[in-house]
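Step one of this worksheet: look at the structure below.
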Amino acid sequence: AHPPPEDPMTDPTNTTAAEPVPGIIEDFIDIFGSPSQVFARRARGGAFAPFLVTCLLLIGLMFVNRGVMSNIMDTQMAKGIAAAQQKGNMTPEQMEKVAEAQKAVAKYAFVGVAVSTPVTLLLFALVAWLVGKMFGSVMTFGMSLMVVSFSWVPKVVEQVLLSVQGMLLDTSTMTEPAQVSLGLARFLDHASTSSTVFAAAMRVDPIILWSTFLLATGFMAAGKIEKGKAWTAALVLWVAGFLPVLYGAMKAG
């Protein structure tokens, strides 16, 4: 009698079948060194886990850093009010109303951040999905949400580095959020720099460039777009993120 055939699930020589599928924690670790592998294997899975983890990490770290940013924003607003007072553009009553409004906004600022973070991520995933389709991407919206969620991991790193800066630097003397950024704008004086140039410098940031690299990698690995088109699609998204900043800078003069 012939022996029964080996079960491929229990066959010791069958290493592929027994190979464990990495979990979400491994994915968030591997995204730093092997992003294409993460995107390729996650393309067959769901987007909810990376979306949820990214949102929770960002919201949690922004909550931790709320004191750092409020110091900067308070100083920035006080400087603006002082400048308006010096020019005689505001009466004492108007300044008092502005100060009260600022306190009210600061009180509920974190709630706004907690709501806007997932909404912004979803909207950006929609834009990335549409842009990808223009270049022949096979990604569904869910796959696009997965790619965008992982491409926001650099923003998580940015928040960790912001916490470190909050411990090492006196942020109460800072008047610009750019002063705690990691990009070119950190080294420019906003008062003596053109608003358009300053806005462009804000986009020349290692965190933003890293995110753009991850988007291009995601377009290739999950969207099956050839390298040149994937980088073009990622560049389109980089420009799309720059336009609102540019518009605000031009409006401000």
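Which residues, taken from region 158-171, are open to solvent by 60 Å² or more (accessible area, probe 1.4 Å), over 27 Å from PHE28 (Cα atoms) and part of a helix (DSSP H, G or I)?
Of everything in region 158-171, just one residue is open to solvent by 60 Å² or more (accessible area, probe 1.4 Å), over 27 Å from PHE28 (Cα atoms) and part of a helix (DSSP H, G or I), namely LEU168.
Applying the selection to region 121-157, what residues are surrounded by 15 or more Cβ atoms within 10 Å (Cβ to Cβ) and small (Gly, Ala, Ser)?
Selection gives ALA125, ALA128, GLY132, SER137, GLY142, SER144, SER149, SER151.
For region 37-60, give me each residue that is open to solvent by 40 Å² or more (accessible area, probe 1.4 Å) and modelled with pLDDT under 90.
Selection gives ARG44, GLY45, GLY46.
Given the condition within 21 Å of PRO35 (Cβ to Cβ), assigned to a loop (DSSP other than H, G, I, E, B) and more than 17 Å from the chain's Cα centre (by Cα), answer yes or no: does some residue in region 203-215 qualify?
Among the residues of region 203-215, not one is within 21 Å of PRO35 (Cβ to Cβ), assigned to a loop (DSSP other than H, G, I, E, B) and more than 17 Å from the chain's Cα centre (by Cα), which makes the answer no.
In the list GLY228, GLY218, GLY223, which residue meets the criterion of being open to solvent by less than 60 Å² (accessible area, probe 1.4 Å), assigned to a loop (DSSP other than H, G, I, E, B), under 27 Å from LEU130 (Cα atoms) and small (Gly, Ala, Ser)?
Answer to the selection: GLY223.
Is there any pair linking a residue in region 9-36 that is farther than 18 Å from THR54 by Cβ and modelled with pLDDT under 95 to one that is of a type in the set (Asp, Glu) and exposed (fewer than 10 other Cβ atoms within 10 Å of the Cβ), with Cβ under 7 Å and at least six apart or on different chains, and which?
none
Which number in (1) assigned to a helix (DSSP H, G or I); (2) of a type in the set (A, V, I, L, M, F, W, C); (3) at pLDDT below 95; (4) open to solvent by 100 Å² or more (accessible area, probe 1.4 Å) marks the one condition that PHE63 misses?
If we test PHE63 against (1) assigned to a helix (DSSP H, G or I); (2) of a type in the set (A, V, I, L, M, F, W, C); (3) at pLDDT below 95; (4) open to solvent by 100 Å² or more (accessible area, probe 1.4 Å), just (4) comes out false.
Just checking, which of VAL197, VAL204 is in contact with a Leu (Cβ under 6 Å, 6 or more places away or on another chain) and either among the β-branched types (Val, Ile, Thr) or open to solvent by 70 Å² or more (accessible area, probe 1.4 Å) (or both)?
VAL204
Can you go through ALA185, ALA234, ALA191, ALA178 and tell me which one is of a type in the set (A, V, I, L, M, F, W, C), more than 22 Å from ASN65 (Cβ to Cβ) and open to solvent by less than 10 Å² (accessible area, probe 1.4 Å)?
ALA234
The values are calculated or read from the model by the stated rules, or taken from the named source; none is laboratory data. Everything numeric in this text was worked out from a predicted model, so none of it was measured. Every residue, glycine as well, gets a Cβ built from its backbone with ideal geometry; the counts of neighbours run over all protein chains shown. Note: areas computed on protein heavy atoms with side chains; ligands, DNA, RNA excluded. Shrake-Rupley method; radii C 1.70, N 1.55, O 1.52, S 1.80 Å.
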